[in-house]
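Remarks on the structure that follows.
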There are 2 protein chains.
Amino acid sequence: MSDEFSFSVKAVDGAARTGAITTPHGLVRTPAFMPVGTAATVKAMYPQEVRALGADIVLSNTYHLMLAPGAERIAELGGLHQFMNWPHPILTDSGGFQVMSLAKLRKLDERGVVFQSHIDGSRHELTPERAMEIQHLLGADIQMQLDECVRLPCSREDAERAMRLSLRWAERSKAAFAAAPGRALFSIVQGGEERNLRVQSARELVDIGFDGYAIGGLAVGEPQATMLETIETLAPHLPADRPRYLMGVGAPDDLIECLSRGVDMFDCVMPTRAGRHGMVFTRRGRLNLRNARFADDRRPIDPMSSASAARDYSRAYWRHLVKSGEILAMMALTAINLAYYQDLMAGARTAIAAGRLGDFIAEVKTGWAEGEQADA
Amino acid sequence: MSDEFSFSVKAVDGAARTGAITTPHGLVRTPAFMPVGTAATVKAMYPQEVRALGADIVLSNTYHLMLAPGAERIAELGGLHQFMNWPHPILTDSGGFQVMSLAKLRKLDERGVVFQSHIDGSRHELTPERAMEIQHLLGADIQMQLDECVRLPCSREDAERAMRLSLRWAERSKAAFAAAPGRALFSIVQGGEERNLRVQSARELVDIGFDGYAIGGLAVGEPQATMLETIETLAPHLPADRPRYLMGVGAPDDLIECLSRGVDMFDCVMPTRAGRHGMVFTRRGRLNLRNARFADDRRPIDPMSSASAARDYSRAYWRHLVKSGEILAMMALTAINLAYYQDLMAGARTAIAAGRLGDFIAEVKTGWAEGEQADA
């Protein structure tokens, strides 16, 4: 395996691209969906299951790991790949987003952010330099700069201030990045809903130069159209030969729409979180297994799923287990959702390579629109 | 596969026996440990994992299934084997024990027991006949008579009254048993701590005639010595050519001691429940992964385990996941415990066949006594 981080586009179809990221821990086929392994585990899944369902890379959360069990401890234990028994590529976020959403008593200034752990109230500091150090200790293949993500809607002043701070932090991140062979550093475009701020952010980050470019501050409650416009605005300003990563997105429809606009990488808790709450994604749309109409439904969840749990048991069984709060339901529905997400990405990659992404998307949307009764 | 239920003893070693139960759903090697699948799922395990770790048969709880999703519904959906995707033998209990321990507002009389669901307060009745009907609807390979299990210690009068009632219910159960081909009915010896009551119970049940004999009302808090004495007292009064099933037992040490006294079948929630709470059973004794001394322990839980989770990850990792309340820890530690229980049974079967059960037990106990530091 190569020791170099690289990205190559193999085919394009309109604005969409398919290709591969090479890392020392293996290949990532793009467009890629990264399951979220917050606390060094994709919830309710063995790593080999995550792999078998099609994941090339997982995301893990710096905020959670720095609090428990601690980045230095994970480094002592051989790094995150060994710790979680996932020998394939790992991307870690910077921790900034969770500091904003989870931590108590935050104080943000030019230097960084001081916060209290949501677990035990202990005091911690995250700076661009410390975020780089932690991700280096974890051994992530792809590391993210610390940024400030403002809540939408926000004033232009707030969006600009956060975008400027994130740019300065991007520079400090690059200076602090300990470039072990093959490891990559991605920066994050900010700017809220302001198109010219977004473009400025992208241009200045490209001037600094990074291995990949993320789009942050979206999927925080704004309409899908806002998100798609932002991506369309940004794509021409991002280098074609670097991966583009849309952070925290999204529903299957979001993924389809965004990859068709040139996004290469996604992460989201949606498939795993929804699975733990009785919701599954299928070729025929979503099913909420808490619904009473499944109590006697002997059909499988989706006979075409690559997850055996979707084929070898009835909907009535999963409904019974969801209603009973059984762990096996969380395991199985998580697996079914990850399988669906990965199969959707695989379908998109194949379609882009064949120059028929438009047809593929139309087929996928027809399946959703027909609904589950089409299988009856 | 044979349509007949049968049991054959292949070898004896002292009072211990090894053999096989034949059912239409396959063989059960004895001595056998039955994982508990209360609500039609062995908690946190896919059925194929339970199978791969060595289980020939699982137990499921009539009380839980009659309340949700309902025995008639499971029958409509093809029976319990198909419902839970476990095509191998299943034993169901009668529901009586959980009525006593879980249900509200019980009223027990000659006819049966009326109770309120612990879930929604709905009113239900369980009689010997209804217990047979429910287990028939579920399609269990081995069905259990309804009995009354008194709490220990209890007066001789109470023990005798419950034992006599259980005998009358045994007769009614046999009369009501719908003997589909290959299905078996086991009765349950009661009598509390009174040796002569126990012997009377056994003799009268044998006179009625059942496919197997369970020992009930033990493992309810009494000293291990009391349990072992009861088994020693009873064994000569139980037919050698019928399986003997000790209900609700137990810890690994209990299993070893009881199988060496002639018990063929066990069930217990201990390995699965302990696994969900951070406790694992190993060749070197028990480990409580909540203990801080595991925080930096890079050793696997047990390098000789047949569960890969015990080999491919550090104790530090499982401790982190246990402390974080992660589902994967519950999955993995349950698997490790079931693997240990099944390997213990497999070792006992091999040892009995070789006439060296005493040596095997001594080796097992030496491992526990040496403790985990022996692996350091």
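The values are calculated or read from the model by the stated rules, or taken from the named source; none is laboratory data. Since the structure is predicted, the reported quantities are computational estimates derived from the model, not experimental observations. Methodologically, a virtual Cβ is constructed for each residue, glycine included, from the backbone with ideal geometry; neighbour enumeration extends over all protein chains shown. The area values use the complete protein model at the heavy-atom level, side chains included, leaving out ligands, DNA and RNA. Shrake-Rupley method; radii C 1.70, N 1.55, O 1.52, S 1.80 Å.
What residue, of B:316, B:309, B:329, is in contact with an Asp or Glu (Cβ under 6 Å, 6 or more places away or on another chain) and buried (at least 18 other Cβ atoms within 10 Å of the Cβ)?
B:316
Any idea how many residues of the range B:127-183 are among the hydroxyl-bearing types (Ser, Thr, Tyr), over 18 Å from residue B:70 (Cα atoms) and modelled with pLDDT of 95 or more?
So the answer is 2.
So for the range A:92-101 (the condition being open to solvent by 10 Å² or more (accessible area, probe 1.4 Å), in a loop (DSSP other than H, G, I, E, B) and within 26 Å of residue A:169 (Cα to Cα)), does at least one residue qualify?
yes
Say whether the condition of being farther than 29 Å from residue A:335 by Cβ and modelled with pLDDT of 95 or more is met by at least one residue in the range A:265-287.
No - not one qualifying residue is present in the range A:265-287.
Rundown of residues vs (1) open to solvent by less than 10 Å² (accessible area, probe 1.4 Å); (2) assigned to a helix (DSSP H, G or I); (3) away from chain A (no Cβ under 12 Å); (4) of a type outside the set (A, V, I, L, M, F, W, C), yes/no style:
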site	(1), (2), (3), (4)
B:51	no, yes, yes, yes
B:64	no, yes, no, yes
B:74	yes, yes, no, no
B:78	no, no, no, yes
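Report the residue count in the range A:306-364 for those that are aliphatic (A, V, I, L, M) and not in a helix (DSSP H, G or I).
Final tally of qualifying residues: 2.
From the set of residues in the range A:26-49 that are assigned to a strand (DSSP E or B) and in contact with a helix residue (DSSP H, G or I) (Cβ under 9 Å, 6 or more places away or on another chain), which is farthest from the other protein chains (Cβ to nearest Cβ)?
The selected residue is A:30.
Within the range B:297-311, does at least one residue satisfy the condition of being of a type in the set (Asp, Glu), without any contact (Cβ under 8 Å) to a residue 40 or more places away in the chain and at the interface with chain A (Cβ under 7 Å from one of its Cβ atoms)?
No.
Tell me which residues, restricted to the range B:1-14, are in contact with an Asp or Glu (Cβ under 8 Å, 6 or more places away or on another chain) and either part of a loop (DSSP other than H, G, I, E, B) or of a type in the set (Phe, Trp, Tyr) (or both).
B:5, B:7 - these are the residues of the range B:1-14 that are in contact with an Asp or Glu (Cβ under 8 Å, 6 or more places away or on another chain) and either part of a loop (DSSP other than H, G, I, E, B) or of a type in the set (Phe, Trp, Tyr) (or both).
Quick one: which residue in B:261, B:276 is surrounded by 15 or more Cβ atoms within 10 Å (Cβ to Cβ) and over 28 Å from residue B:12 (Cβ atoms)?
It is B:276.
Taking the range B:77-125, which residues are within 20 Å of residue B:214 (Cβ to Cβ), touching a Leu at 6+ places or on another chain (Cβ under 8 Å) and of a type in the set (S, T, N, Q)?
Answer for the range B:77-125, where residues must be within 20 Å of residue B:214 (Cβ to Cβ), touching a Leu at 6+ places or on another chain (Cβ under 8 Å) and of a type in the set (S, T, N, Q): B:92, B:94.
For the range B:199-299, which strands (runs of 3 or more DSSP E) that fit wholly inside it have 2 or more residues that are among the aliphatic types (A, V, I, L, M)?
Those strands (runs of 3 or more DSSP E) span B:212-215, B:279-282.
State the number of residues belonging to the range B:270-290 that are more than 14 Å from every other protein chain (Cβ to nearest Cβ) and either free of Cβ contacts under 8 Å to residues at least 24 places away in the same chain or within 13 Å of the chain's Cα centre (by Cα) (or both).
4
How many residues are touching a residue at least 60 places away in the same chain (Cβ under 8 Å), of a type in the set (A, V, I, L, M) and part of a helix (DSSP H, G or I) when one looks only at the range B:123-165?
4
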